[in-house]
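The values are calculated or read from the model by the stated rules, or taken from the named source; none is laboratory data. Here the structure is a predicted model, which is why all the values come from computation and not from measurement. No Cβ is skipped: glycine too gets one built from the backbone with ideal geometry, and neighbour counts run over all protein chains shown.
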Amino acid sequence: MAHQIKNAAVIGSGVMGSGIAAHLANIGIPVMLLDIVPELSAEEKAKGLNPEDRKVRNRLAEGALKGMLKQKPAPLASKENLALITPGNLEDDLDKLKDVDWIIEVIVENLDIKKALYEKIDHVRKEHAIVSSNTSGISIEAMAEGRSEGFKKHFLGTHFFNPPRYLKLLEVIPTKETSKEVLDFMIRFGEDKLGKGVVVAKDTPNFIGNRIGTYGLLVTLREMMNRGYSVGEVDSVTGTLIGRPKSATFRTLDVVGLDTFVHVARNVFDKTEGEEKEVFRTPDFLLKMVENGWLGAKSKQGFYLKEGKEISEIDPETLEYSPQKKLKAPSVEMAKQQKGTSGKLKTLVYADDRAGELLWNILAPTLIYSAEKVGEIADDIVSIDNGMKWGFGWNQGPFEVWDAIGVKKSVERMKEEGRDIPAFVNSLLDAGGESFYKEEDGQELYFDGEGYKPVPVNEKEINLKKWKERNGVIMKNSGASLIDLGDGIALLEFHSKGNSLGPDVIQMLDKSLDEVEKNYKGLVIANQGKNFSVGANLGMILLEAQDDNIFELEFMIRMFQDTMMKIRYSRKPVVVAPHGMTVGGGAEMTLPAAHIQASMETYMGLVETGVGLIPGGGGNVSLYRKTLEGMPNGIEPDYVDVAAKVFETIAMAKVSMSGEEARENNFLGLCDSVSVNPDHQIYDAKQAALALSEAGYKPPAKRTVRVSGEPGYAAMLIGAEGMHLSGFISDHDLKIAKKLAYVLAGGKVPYGTEVDEQYMLNLEREAFLSLVAEPKSQQRMQHMLVKGKPLRN
Ligand code: NAD
């Protein structure tokens, strides 16, 4: 039977249960959130409630719902998604599980308690319902013991990482009895619907990510203690320098929580033997820290302690804090000069100084351990590498790191040091292989213990870097490249710093639109940088402004506006696919698209007021138009209300914290879409462009818009002046607000006047140019460029 998940139930509303329920709601799945019935609290008793009241009985799950609205980072992509989650309890609502397609158990990490719950579920679940556990390390098989055959076939592990909305990894763990159909379905569902990077793990302690990750962390702790490095020193070389998250080793542990880490490590300690067991033994000082309640971020003290602006680090010997240190070594300076993680790693691990020794002594055992575990925790190295990249935010998995530092050279050194080389690695070298991965005829291959096999390719995952390496580009300049995506669709990728938009990017966009009109069916504008775009190139604008080059600026702004309108009126469909920060000019480039294919994680806003400006690339007109288009059909909108809404969004530089929220703020319209899986976004955008083309795409006609005129201007102004009077905004804020209100009202015209787009663009340009010349605006720009945050002046 073909499986389908139309609804779900999450059991356990703690840290992970509430996060998983929120994520299901984010993808539009109605979900029941159940927890145990708590005892009547003194507070409830005082309120006259009794143990039979639903409010009391649902308290845990209801509390979790309230928590979802406060938590940071937000588990919900939109507050409205909360309506999809129904709280309940395991006594009154157990029976309702009979109608649920997927039941996810996320309760305390205790085999007996979990087994007792599964027994109850076994009796109520419908024939084809899938049941899964989010356990971090309990054997999936042991949990299924004693259950019916039907249950066992539909039972597996689905291990999310915290926080479930943001962490990419989903480990899927079948037992011998899980049906292949259920496993295959869950892999597809995990990727396509949940938007995760799915890795199939074997049913062994802590699965993949937490097995290798915990090993690596413990080896690092030991190396620090044995060789007298400090916490800060270790972090200064185990973070971004080697392609790992900024939080490096110890800040990561502070975020995870030291109690959780000790728990996870103990699980492997309890279940393994010999040398391996010893590595997973928790160091005494760590236990002492947990005993003291120094658990990291949640108790405001852990490896680090922050007091005011001062950050201090713990000394594991004395458990006293002293100012944070950094490891200074020649190899660190040399590595910083290298481009890319591979070059940096190679420079560091073979260096004969304190940084080099530390990294070698951490990496060598971790690489060896990973190789020993191939076949035991996962079928292949690809799964292990993906697990570490997606679960721990490493740029490169252990086998990619090994390739980067050279397998042969590193193994020689390992042998000299008396380290045992795993059979898996010896078989690679015996077969004459030089790396775990290689490319042949445009195909990526991995070593599987005997020979090389193709790395599975998913057509929905388009990697632009690899795509360009294989297919080249149609044309490029310093800021952007035009790429042939196949099937008649071209893609424009920016690659300027922060993907900021300067004249080079705009020129490339302009040329690309011409090229697409001639030779392609449609254009996708997207990139795979950290952010889609941080906006216009502010440095350039400031430079021209300080030199009083108003003529140059006017030319630039006119070109920017014209090119944005060229996107809108292109005869071929233009699909823009924003992700991450999409602010200022980045948002202005998105708004005119025929279709927006946003990532679920899109943080979009017109934030120009923060630098003393207003949008200058058509953003005011585009957002006004999109807001009008979002109004119900057949009813004459109140133009004052529409203008006021847009005014609020721009004046307050509101940034939507997800694709869904961007829709609520009218950056996205009803027909625009959101991709949950970021790896599928470019594919989704390409499909959208193709579909528009197939449907006989025609650009919108150049229409006029109605504006709110003088009454709109007055209404916007009253609001801004009120805020000014009560001291919320400065004189300069008020000045900017007035200019913005004037543009959005359509100038001094009567209510409801029909104006054309170019008229509004002219108002926008005039306002922009007058603000750019203001000294206080220039101060704001300068401050943003130097300090990276807005100045309130
Ligand atoms: P938690 O303590 O926040 O939540 C546990 C939940 O279990 C609570 O809602 C609690 O009310 C419920 N519960 C307690 N006793 C119960 C019982 N007898 N019957 C039914 N429910 C009961 O824990 P968590 O961190 O959300 O972990 C839940 C599961 O997810 C565990 O299996 C854990 O190993 C796993 N996990 C945790 C993380 C993490 O980072 N915290 C990550 C991945 C997996």
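Overview of values
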{"quantity": "In region 90-128, residue farthest from Glu177 (Cα to Cα) [restricted to those that are assigned to a loop (DSSP other than H, G, I, E, B) and charged (D, E, K, R)]", "calculated": "Asp92"}
{"quantity": "Residue count, region 107-149 (criterion: closer than 23 Å to Asn206 by Cα, aliphatic (A, V, I, L, M) and surrounded by fewer than 17 Cβ atoms within 10 Å (Cβ to Cβ))", "calculated": "5"}
{"quantity": "Residues of region 107-121 satisfying the condition of being near the ligand (Cβ under 10 Å from one of its atoms), without any contact (Cβ under 8 Å) to a residue 40 or more places away in the chain and in contact with a strand residue (DSSP E or B) (Cβ under 8 Å, 6 or more places away or on another chain)", "calculated": "Lys114"}
{"quantity": "Helices (runs of 4 or more DSSP H) (entirely within region 129-196) containing at least 3 residues that are within 16 Å of the ligand (Cβ to nearest atom)", "calculated": "140-144"}
{"quantity": "Selection count, region 253-269, where residues are in contact (Cβ under 8 Å) with a residue 24 or more places away in the chain and of a type in the set (D, E, K, R)", "calculated": "2"}
{"quantity": "Among residues of region 46-65, those that are within 14 Å of the ligand (Cβ to nearest atom) and of a type in the set (D, E, K, R), counted", "calculated": "3"}
{"quantity": "Spans of helices (runs of 4 or more DSSP H) in region 233-290 with at least 1 residues more than 23 Å from Trp394 (Cα to Cα), touching a Ser or Thr at 6+ places or on another chain (Cβ under 7 Å) and basic (Lys, Arg)", "calculated": "258-271"}
{"quantity": "Output for region 14-45, where each listed residue is within 12 Å of Asn89 (Cα to Cα), within 13 Å of the ligand (Cβ to nearest atom) and not β-branched (Val, Ile, Thr)", "calculated": "Leu33, Leu34, Asp35, Pro38"}
{"quantity": "Pairs, first within 16 Å of Val349 (Cβ to Cβ) in region 363-377, second small (Gly, Ala, Ser), C-beta under 6 Å, six or more apart", "calculated": "Thr366/Gly216"}
{"quantity": "Residues satisfying the stated conditions in region 1-27, i.e. closer than 16 Å to Lys193 by Cα, assigned to a loop (DSSP other than H, G, I, E, B) and in contact with a Leu (Cβ under 8 Å, 6 or more places away or on another chain)", "calculated": "Ile27"}
{"quantity": "Qualifying residue in region 432-443 (condition: assigned to a helix (DSSP H, G or I), modelled with pLDDT of 95 or more and surrounded by 12 or more Cβ atoms within 10 Å (Cβ to Cβ))", "calculated": "no"}
{"quantity": "First in region 468-481 and of a type outside the set (Gly, Ala, Ser), second anywhere and assigned to a helix (DSSP H, G or I), Cβ under 6 Å, 6 or more apart", "calculated": "Asn477/Asp504; Asn477/Met508"}
{"quantity": "Asp92, sole failed condition from (1) within 16 Å of the ligand (Cβ to nearest atom); (2) in contact with a Lys or Arg (Cβ under 7 Å, 6 or more places away or on another chain); (3) acidic (Asp, Glu); (4) under 20 Å from His128 (Cα atoms)", "calculated": "(4)"}
{"quantity": "Residues satisfying the stated conditions in region 258-294, i.e. more than 26 Å from Lys373 (Cα to Cα) and among the small types (Gly, Ala, Ser)", "calculated": "Gly293"}
{"quantity": "Test: Leu253 is within 16 Å of the ligand (Cβ to nearest atom) and touching a Leu at 6+ places or on another chain (Cβ under 9 Å)", "calculated": "yes"}
{"quantity": "Residue, farthest from Ser658 (Cα to Cα), within region 80-89, restricted to residues that are more than 11 Å from the ligand (Cβ to nearest atom) and in a strand (DSSP E or B)", "calculated": "Gly88"}
{"quantity": "In region 1-13, residue modelled with the highest pLDDT [restricted to those that are away from the ligand (no atom under 14 Å from the Cβ) and small (Gly, Ala, Ser)]", "calculated": "Ala8"}
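Here's the yes/no breakdown for (1) surrounded by fewer than 20 Cβ atoms within 10 Å (Cβ to Cβ); (2) more than 25 Å from Ser675 (Cα to Cα); (3) free of Cβ contacts under 8 Å to residues at least 40 places away in the same chain:
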position: Leu24; (1), (2), (3): no, no, no
position: Gly28; (1), (2), (3): yes, no, no
position: Val31; (1), (2), (3): no, no, no
position: Pro38; (1), (2), (3): yes, yes, yes
position: Ala46; (1), (2), (3): yes, yes, yes
